[in-house]
Amino acid sequence: MKFRAIMGALCAAGLMCGVSAVQAAESVEVLHWWTSGGESKAVGVLKDDMTKQGYTWKDFAVAGGAGAAAMTALKTQVISGNAPTAAQIKGPLIQDWAEQGVLVPIDAAAGDWKKNLPPEIDKIMHADGHYVAAPFSVHRVNWLYINKAALDKAGGKVPTTWPEFFAVADKMKAAGIQPIAMGGQPWQDLTLWEDVVLSQGAGFYKKALVDLDEKTLTSDQMVGVFDTVRKIQGYFDAGRTGRDWNLATAMVINGKAGMQFMGDWAKGEFANANKKAGSDYICAAVPGTEKAYTFNVDSFVFFQQKGQKTATPGQLALAKTIMSPDFQEQFSLYKGSIPVRLGVSMAKFDDCAKKSYADEQVAIKSGGYVPSLAHGMAQPDAAAGAISDVVTKFMNSQEDSKTAVAALAKAAKTK
Ligand code: GAL
């Protein structure tokens, strides 16, 4: 059942429309899904900062990349009147939760945010003219990670087009290297698929996945997208079913596989394994997407505590800390992202992060800065979920591309 349907049913049943948890003011319970090596280090920075300020951190981590399991757990908590102090919620879902009347505004912590955030991100943090979410960082989704030694052994060069990509993959195969490490969850399928959509141009991506334009969704070009995904699948190993993204990253880190399509939280894993960008691994834009940038901004929302409609001191401290320059820097160094706050120095960051920052500036100016569908930034839950189902069905069956495209156009209409 989709978000609105669940919340609607609960309100109707008189169970939960706006009540919340019993929390001691000094303790902050934080729901998130950052459980991989790099992710844990990153969220650990927030825990330490809050602890130093005198708050007790109650960790509510729900494992599972991209947060599907965490979102289910959150609904259960809110329904049972045990809403956490804060939870990791992104994109249009922020407004969905705000509409349920269960969040608190955090304007009191956000005095200088407007001038320190890109306007398109500042807007996402608002509901009804108030700040209700605090942003952590910017992840770029359209990355291809390559093991440098595997690339050298295969005698390949960093691919910038799909033909070049398939040439490298063939060379790796011939050299006895598994070309692609791929995980096996719907969000990972969708991440790859949206990369291929983006490779058709940011304009095509926007029309297809932001505007949900039917002509674009049913175009021959979209049939070609599915064909390319099918071809890429030919380079997966047989063991991907159910595999977590960070285990796929580990295959590239330890040379068991050559390449992985993944957002730059994967870089947090390379950093955690003491691997260096440039010498141990290469981060390249997904072939054909050099000038574009799919953004994914993590944020926390804050739930009413003890039925109070205003933020607690702990909630305001959390929001303030998340947007403070020092936290922004250290969090992203571990997480693989770049600070979302404007003006934070990039001096301590690696070449991949510097490239992410530079490419972001170019993409913003050129119109190539687009929200990631796979990471909850582009569409409300219902449409994104329906599109995800189409892509996953295609990638886990022998369905032909034309059938998938017809299903896609139908899925895009889901409200
Ligand atoms: C994304 C999230 C990232 C990272 C990734 C894998 O949706 O924005 O912060 O955690 O999932 O879990």
The chain - accessible surface per residue (Å², probe 1.4 Å): 38
Along the positive direction of the dipole of the range 66-116 (beta-carbon charges: Lys, Arg +1; Asp, Glu -1; about the Cα centre), which of Gly91, Thr76, Ala109 reaches farthest? Gly91
Going down the table (Lys206/Lys231; Lys148/Lys256; Lys41/Lys276; Lys58/Lys114), which pairs top 19 Å between alpha carbons? Lys206/Lys231; Lys58/Lys114
Which of Thr392, Gly278, Phe226 sits closest to the plus end of the dipole of the chain, meaning its Cα is farthest towards the positive end, when Lys and Arg get +1 and Asp and Glu get -1 on the C-beta? Gly278
In nm, the gap between the two label points placed 7 Å beyond Cα toward Cβ at Asp220 and Lys256 is 4.2
Mind checking which aspartates and glutamates have their C-alpha under 13 Å from Lys413, skipping anything on the same chain fewer than 8 residues away? Asp211, Asp213, Glu214, Asp381
If packing is taken as the mean number of other Cβ atoms within 10 Å per residue, what is the order of 204-212, 259-267, highest first? 259-267, 204-212
Choose one answer from Thr310, Thr191, Thr249: the residue with the largest mean-square fluctuation in a GNM of the chain with alpha-carbon springs under 10 Å. Thr310
If you roll a 1.4 angstrom probe over the protein chains with everything in place, what fraction of the accessible area of the chain belongs to carbon and sulfur, to the nearest %? 55
Taking the chain and counting helices only, DSSP H stretches of n ≥ 4 at -39,500 (n - 2.57) each over all residues, the nearest-500 ellipticity at 222 nm comes to -13500 deg cm²/dmol
Name all residues of the range 131-149 having a backbone nitrogen under 18 Å from the label point set 7 Å from the Cα of Asp351 along its Cα→Cβ direction, giving them as ranges. 143-149
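Please report, in debye to the nearest 20, how large the charge dipole of the chain is about its Cα centre when each Lys and Arg carries +1 at its beta carbon and each Asp and Glu carries -1 there.
Computed about the Cα centre, the dipole is about 200 debye.
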Which aspartates and glutamates, if any, have their Cα less than 20 Å from the Cα of Lys306, not counting same-chain residues under 8 positions apart? Glu26, Glu29, Asp59, Glu99, Asp107
How far is it, in nm, from the label point at Thr72 to the one at Glu164 when both lie 7 Å from their Cα along the line to the Cβ? 4.1
Compute the angle between helix 68-79 and the longest alpha-carbon principal axis of the chain, please, reported from 0 to 90 degrees and rounded to the nearest 10. 20
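For the chain, compute the orientation-averaged projected area of the C-alpha convex hull (one quarter of its surface), in nm². Walk me through the intermediate numbers first.
Numbers: hull surface 75.1 nm².
Seen from a random direction, the Cα hull of the chain projects 18.8 nm² on average.
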What residue among Gln305, Gln77, Gln398 shows peak mean-square fluctuation when the chain is described by a Gaussian network model with Cα springs under 10 Å? Gln398
Using only the alpha-carbon atoms, how far is helix 401-411 inclined from the longest principal axis of the chain? Give it as 0 to 90 degrees, nearest 10. 10
Toward the positive end of the charge dipole of the range 120-270, about the Cα centre and with charges on Cβ (Lys, Arg +1; Asp, Glu -1), which of Pro186, Ala167, Trp265 goes farthest? Ala167
Spelling it out for Tyr131: with amide H atoms placed in the peptide plane at 1.01 Å from N, the residues 5 or more places away or on another chain with amide H under 5 Å from its amide H are Ile106, Asp107
For a quick check of understanding: with a 1.4 angstrom probe and all protein chains in place, what accessible area in square angstrom does Met222 have, to the nearest ten? 0
List, in the order given, every pair from Lys207/Lys291; Lys267/Lys348; Lys173/Lys402; Lys215/Lys402; Lys171/Lys335 whose Cα-Cα distance in the structure shown is over 22 Å. Lys173/Lys402; Lys171/Lys335
Calculate how steeply helix 220-233 sits against the longest principal axis of the alpha-carbon atoms of the chain, using the helix alpha-carbon long axis, and give the answer as 0 to 90 degrees to the nearest 10. 80
Compute the separation of the alpha-carbon centres of the range 155-195 and the range 286-327 and state it in Å as a whole number. 32
Express the C-alpha Rg of the range 159-296 as a ratio against the empirical globular expectation 2.2 N^0.38 Å, rounded to two decimals. 1.06
Calculate, in nm to one decimal, what Glu99 and Lys58 gain on full extension: separation in residues at 0.36 nm each, minus their alpha carbon distance. 12.1 nm
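Using 0.36 nm per residue, how much length does the chain from Thr51 to Gln361 gain when fully extended, once their Cα-Cα distance is taken away? Walk me through the numbers before you get to the answer.
On the way: separation 310, 0.36 × 310 = 111.60 nm, distance 3.49 nm.
Separation in residues times 0.36 nm, less the Cα-Cα distance, equals 108.1 nm.
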Could you sort the peptides 274-282, 64-72 by per-residue average Cβ neighbour count (10 Å cutoff), highest mean leading? 64-72, 274-282
The chain: most fluctuating residue of Pro92, Pro179, Pro119 per GNM, C-alpha cutoff 10 Å: Pro119
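The values are calculated or read from the model by the stated rules, or taken from the named source; none is laboratory data. The structure presented is a predicted model; accordingly, all values stated were derived computationally and were not measured. Virtual Cβ from ideal backbone geometry, glycine too; neighbours counted across all protein chains shown. These accessible areas exclude ligands, DNA and RNA; they are computed on the full protein's heavy atoms, side chains included. Shrake-Rupley method; radii C 1.70, N 1.55, O 1.52, S 1.80 Å.
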